[in-house]
Amino acid sequence: MQQLSGIPDANLAQVIDDLKFDGLRVISKFQAADGTWTIIAGPAGSMGREATNNNDTIDNIMPDKPPVANMDDPDPPPPGAPTQFVHARMTAPKTIVYVDAEGRKEVREGGSRAWRNCNPGNIRKGDFSINAGAIGDDGSFAIFPAEATGMAAIITLFKSRAYIDLTLKDAIFRYAPPNENDSAAYLEFIRSNTGIPAGTVLNTLRAQDFQKIAKFIQTVEGWQKGTIRGNVPPSPLIDNDRGAASAAGSATADWMTIARREAALPPRERSSWTDPEENPRILNYFKVCASWFEVTGGDEVDWCAAFVNYCLVTSGHMGTDHPGARSFFWNKDGQFAVIPSPRPGCLAVRRYAPFTDRTWREGAGHVGFVIASTSTTVTLLGGNQSNTVKESTFPLEERDGAGNVSSRFVAFLMPAIN
């Protein structure tokens with residue numbers, strides 16, 4: 001599922017048309033107090049560039065374990081450059097994060113969609129792309145681990161039973177259908193650059209002919225390089241905690257605007273729904289937060305970290321790619337500066353007993369955005385606070401009847417600023 005927010009009323013129809021073009025359908029839409037619209041969309045079925053899965057549900061969109069074990073571990077990945085990538089996902093507009101088997105990450109941003117996805121043919125997500133080596137998707141199109149894998153996928157597709165007995169013309173018109181493309185111009189470009197007549201049946205071609213077709217499909221689809229970088233915060237963090245808080249102070253509006261917008265929604269839109277219904281908005285928090293996490297129990301599962309991650313990611317900041325509050329405490333990518341006390345707009349992480357494991361590999365917690373604080377309490381704007389998005393006040397430390405600490409705040413964090 002995908003969520004688009006802040007859509008002007010005048011642009012609503014065009015956005016819905018664009019979603020349909022990308023193979024998505026509108027699951028729900030609602031208008032905010034400022035007149036703008038929010039749309040939640042999901043897969044609509046099969047379109048060009050080969051089939052998408054028609055049976056997507058929250059169970060098969062989100063697997064039951066991370067594709068990389070390190071994603072669910074407090075320890076940082078080993079040093080060194082990434083090796084072969086095994087997982088990838090879109091974390092922000094025009095930004096794809098690739099992960100190798102040890103948890104090392106690399107980011108592709110900018111450039112064309114085909115380049116970011118290592119998908120020179122813009123092949124859509126689905127069973128075919130997975131069998132051809134895809135390691136993720138951007139919501140509509142497959143993400144391959146390398147350009148060579150994406151090129152091989154084009155050739156594999158054109159050699160498949162669905163294409164191999166077609167003429168070049170019919171194959172191109174199927175691959176790039178007229179309802180989405182200028183198919184005639186597409187065909188002419190391929191024909192004139194490969195020298196293969198339009199009426200040639202694919203099963204008569206040689207291996208080098210398929211390679212030529214794939215090469216020029218890559219050109220038509222738009223292969224424009226962007227930037228490759230490590231997965232680091234968008235700007236350096238200041239070592240001095242006072243400086244970090246001051247520098248990030250003006251940036252808190254980025255994520256707090258999103259959080260307050262969510263809190264201002266009608267109660268049903270921002271709350272867990274009574275079974276058997278599931279609030280698609282909350283499920284979308286998880287999709288944005290950690291696409292690998294299976295939401296067992298639907299919107300009844302703890303979703304405070306998913307909400308905070310959603311607010312950070314959709315405002316252009318780094319999340320943790322993990323559905324647990326403890327992932328903020330881990331701070332594995334170094335995207336948060338630790339500050340000694342709560343300040344408005346910062347993140348506050350609360351942990352529940354037991355506290356014996358210093359690394360906090362397992363166990364319950366809570367995370368939210370600080371609204372205010374006193375010497376004994378912290379008020380948070382967060383998700384899953386009484387099953388909804390709202391403000392709630394928590395004690396800095398809470399004890400049980402025997403006097404043992406049952407919960408306490410263990411970290412106050414400021415995200416890196418853009």
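The values are calculated or read from the model by the stated rules, or taken from the named source; none is laboratory data. Note that the structure is a prediction, hence the values are computed from the model and not measured. Cβ sites come from the backbone with ideal geometry, for glycine too, and all protein chains shown count toward neighbours. Keep in mind that these areas ignore ligands, DNA and RNA; they rest on the heavy atoms of the full protein, side chains included. Shrake-Rupley method; radii C 1.70, N 1.55, O 1.52, S 1.80 Å.
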Is at least one residue of segment 396-416 within 31 Å of the chain's Cα centre (by Cα), closer than 20 Å to residue 258 by Cα, assigned to a strand (DSSP E or B) and not hydrophobic (A, V, I, L, M, F, W, C)?
yes
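Among the helices (runs of 4 or more DSSP H) contained in segment 111-178, which hold 2 or more residues that are among the aliphatic types (A, V, I, L, M)? So that I can check it myself, show each step before the final result.
Details: elements: 113-116, 127-131, 147-158, 168-175.
So the answer is 147-158, 168-175.
Quick one: is residue 372 within 17 Å of residue 260 (Cβ to Cβ) and in contact with a Pro (Cβ under 6 Å, 6 or more places away or on another chain)? Before the answer, list the steps.
Values: within 17 Å of residue 260 (Cβ to Cβ): yes; in contact with a Pro (Cβ under 6 Å, 6 or more places away or on another chain): no.
Judged against the criteria, residue 372 is not a match.
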Segment 259-271, residues that are open to solvent by 20 Å² or more (accessible area, probe 1.4 Å) and either in a helix (DSSP H, G or I) or farther than 14 Å from residue 391 by Cα (or both)
260, 261, 263, 266, 267, 268, 269, 270
Residue check, residue 44 against (1) at pLDDT 85 or above; (2) open to solvent by 30 Å² or more (accessible area, probe 1.4 Å); (3) small (Gly, Ala, Ser), all met but one. Which one?
(1)
Does segment 181-221 hold any residues that are closer than 19 Å to residue 157 by Cα and among the acidic types (Asp, Glu), and which are they?
209, 221
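Every residue in segment 86-110 that is open to solvent by less than 30 Å² (accessible area, probe 1.4 Å) and either in a loop (DSSP other than H, G, I, E, B) or not acidic (Asp, Glu) (or both), please. Spell out how you get there, then give the answer.
First, the residues of segment 86-110 that are open to solvent by less than 30 Å² (accessible area, probe 1.4 Å): 87-89, 92, 95-100, 103, 107, 110.
Across segment 86-110, the qualifying residues are 87, 88, 89, 92, 95, 96, 97, 98, 99, 103, 107, 110.
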Evaluate the following for residue 322: is it at pLDDT 95 or above and surrounded by 15 or more Cβ atoms within 10 Å (Cβ to Cβ)?
no
Has segment 403-417 got at least one residue that is touching a residue at least 60 places away in the same chain (Cβ under 8 Å), of a type in the set (D, E, K, R) and crowded, with 16+ Cβ neighbours inside 10 Å?
no
Residues of segment 345-364 being touching a strand residue (DSSP E or B) at 6+ places or on another chain (Cβ under 6 Å) and either surrounded by fewer than 22 Cβ atoms within 10 Å (Cβ to Cβ) or over 19 Å from residue 293 (Cβ atoms) (or both), which ones?
346, 347, 348, 350, 351, 352, 353, 364
Within segment 278-294, is even one residue β-branched (Val, Ile, Thr) and farther than 20 Å from residue 416 by Cα?
yes
Out of all the residues in segment 123-139, is one or more more than 18 Å from residue 228 (Cα to Cα), open to solvent by less than 10 Å² (accessible area, probe 1.4 Å) and either without any contact (Cβ under 8 Å) to a residue 40 or more places away in the chain or among the charged types (D, E, K, R) (or both)?
yes
Residue under evaluation residue 158, criteria (1) touching a Ser or Thr at 6+ places or on another chain (Cβ under 6 Å); (2) surrounded by 19 or more Cβ atoms within 10 Å (Cβ to Cβ), criterion not met
(1)
